[in-house]
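Written below as structure tokens is the structure these notes are about.
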Ligand code: GLA
């Protein structure tokens with residue numbers, strides 16, 4: 001990897017540096033497969049020693065993400081934050097049913113995604129080389145699970161890895177991209193989260209000016225191209241933790257790209273994700289979204305104000321919003337936060353693709369503004385852990401500067417506050433976020 005770090009203005013350690021070491025170098029078993037980087041062709045059966053090659057000298061021929069899906073940020077749930085490796089069919093189906101019964105589906109949440117550890121750790125089908133489910137966790141197979149989830153009107157996501165194994169040591173998809181894309185399509189998969197562990201040494205990166213030609217990008221392009229050859233449209237979620245300036249090429253390869261290392265249920269994670277995402281927010285637009293990682297609401301560790309900021313920022317920066325908790329433990333107040341219709345409407349707007357952008361120079365970034373079909377918007381994050389006054393000065397906000405007087409609306413309360421001239425000052429609780437609309 002090239003150790004590129006998002007150009008945050010803080011100089012804080014960001015995900016890229018914190019995760020670089022995770023792309024473990026592994027050389028075992030690479031001698032039994034033959035491949036080239038220019039195509040996804042796989043030759044997996046030979047036991048003869050054939051060197052794997054990767055090259056980053058030429059512009060790769062990536063076919064790019066499918067533009068019939070994921071125009072706006074994905075909304076859903078993923079098993080990892082709440083369950084880690086303790087997943088099984090019953091847990092996933094119960095979660096899918098909770099998505100419906102708790103009103104999350106009605107609010108727009110669609111995807112139910114299984115993360116790492118779903119497959120058979122001992123290996124692929126020896127004849128077909130297909131990846132196999134863990135038959136103890138998923139006794140009826142993955143196609144059955146996907147069908148049950150589809151029958152609830154939801155979509156189904158799966159997890160894979162652009163290396164020899166997943167981060168938990170299960171079979172990886174490097175060199176098996178075509179087979180795995182076909183298998184996922186056959187099973188009815190609607191999204192693949194594609195991780196970045198167990199990268200063979202011959203795929204390591206040296207610095208290249210255009211990171212789209214990096215070996216990391218090439219490993220992801222291989223799967224992107226394979227996905228484009230199968231009949232089923234599949235959302236391609238790049239999970240390489242912000243390495244190799246993924247924000248500069250992510251939209252050319254997939255629909256969303258992780259910007260940070262793994263989330264934790266902490267205020268420091270929320271603020272560092274906001275800082276990183278804000279610094280590269282101009283790369284996010286329709287069909288390509290910087291991914292601030294899965295949500296921690298419901299997992300403890302965050303106050304109610306901090307959970308509101310977590311949700312508001314993921315909404316106004318147009319990150320995918322992937323819930324990461326046991327849904328049945330959510331309180332009515334937490335459900336009301338994650339189903340806030342005005343923030344979700346900003347996130348899911350099909351006319352305005354850009355996220356809110358920082359318009360001040362504070363660090364960490366305090367003030368953001370943007371446009372939606374409902375009007376103009378400004379957001380203010382209170383990083384101080386006590387109530388603070390945040391002043392929104394209309395002349396400083398690009399979307400508001402053309403008029404002195406605006407009707408101000410509180411997107412949390414879903415109520416008009418009144419008409420103000422020149423500026424509006426909000427009283428914001430410690431670690432909370434003001435979410436305003438102006439018409
Ligand atoms: C990596 C990813 C996580 C999760 C785990 C699973 O750490 O970043 O989101 O998928 O792997 O092992």
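Since every read-out is calculated from the coordinates, none of them should be taken as a lab result. None of these values were measured; they are calculated from a predicted model. Cβ coordinates were reconstructed from backbone atoms using ideal geometry, including for glycine residues, and neighbour counts include every protein chain displayed.
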- Note on the structure: By residue number, the members of the range 234-252 that are more than 16 Å from the ligand (Cβ to nearest atom) and under 14 Å from the mean Cα position of the chain (by Cα) are 247, 251
- Would you be able to say whether some residue in the range 109-122 is within 23 Å of residue 326 (Cα to Cα) and either surrounded by fewer than 16 Cβ atoms within 10 Å (Cβ to Cβ) or away from the ligand (no atom under 16 Å from the Cβ) (or both)? yes
- Counting only residues that are under 16 Å from residue 190 (Cα atoms), without any contact (Cβ under 8 Å) to a residue 40 or more places away in the chain and not in a helix (DSSP H, G or I), the range 124-160 contains a total of 0
- Item | So residue 201, is it more than 19 Å from residue 97 (Cβ to Cβ), out of contact with any helix residue (DSSP H, G or I) (no Cβ under 7 Å at 6 or more places or on another chain), more than 16 Å from the ligand (Cβ to nearest atom) and in contact (Cβ under 8 Å) with a residue 40 or more places away in the chain | yes
- Some residue of the range 303-320 being on the phi > 0 side of the Ramachandran plot and either crowded, with 24+ Cβ neighbours inside 10 Å or in a helix (DSSP H, G or I) (or both): yes
- Item | Hey, residue 328 out of contact with any strand residue (DSSP E or B) (no Cβ under 7 Å at 6 or more places or on another chain) and not in a loop (DSSP other than H, G, I, E, B) or not | yes
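Here is a yes/no grid of residues against (1) more than 24 Å from residue 114 (Cα to Cα); (2) in contact (Cβ under 8 Å) with a residue 60 or more places away in the chain:
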| residue | (1), (2) |
| --- | --- |
| 291 | no, no |
| 348 | no, yes |
| 363 | yes, yes |
| 366 | yes, no |
| 369 | yes, no |
| 375 | yes, yes |
- Task: Would you confirm whether any residue within the range 381-404 is under 23 Å from the mean Cα position of the chain (by Cα) and either over 30 Å from residue 103 (Cβ atoms) or surrounded by 15 or more Cβ atoms within 10 Å (Cβ to Cβ) (or both)?
- Result: yes
- Note on the structure: Note on the range 73-82: residues more than 28 Å from residue 350 (Cβ to Cβ) and either within 11 Å of the ligand (Cβ to nearest atom) or out of contact with any helix residue (DSSP H, G or I) (no Cβ under 9 Å at 6 or more places or on another chain) (or both) are 79, 80, 81
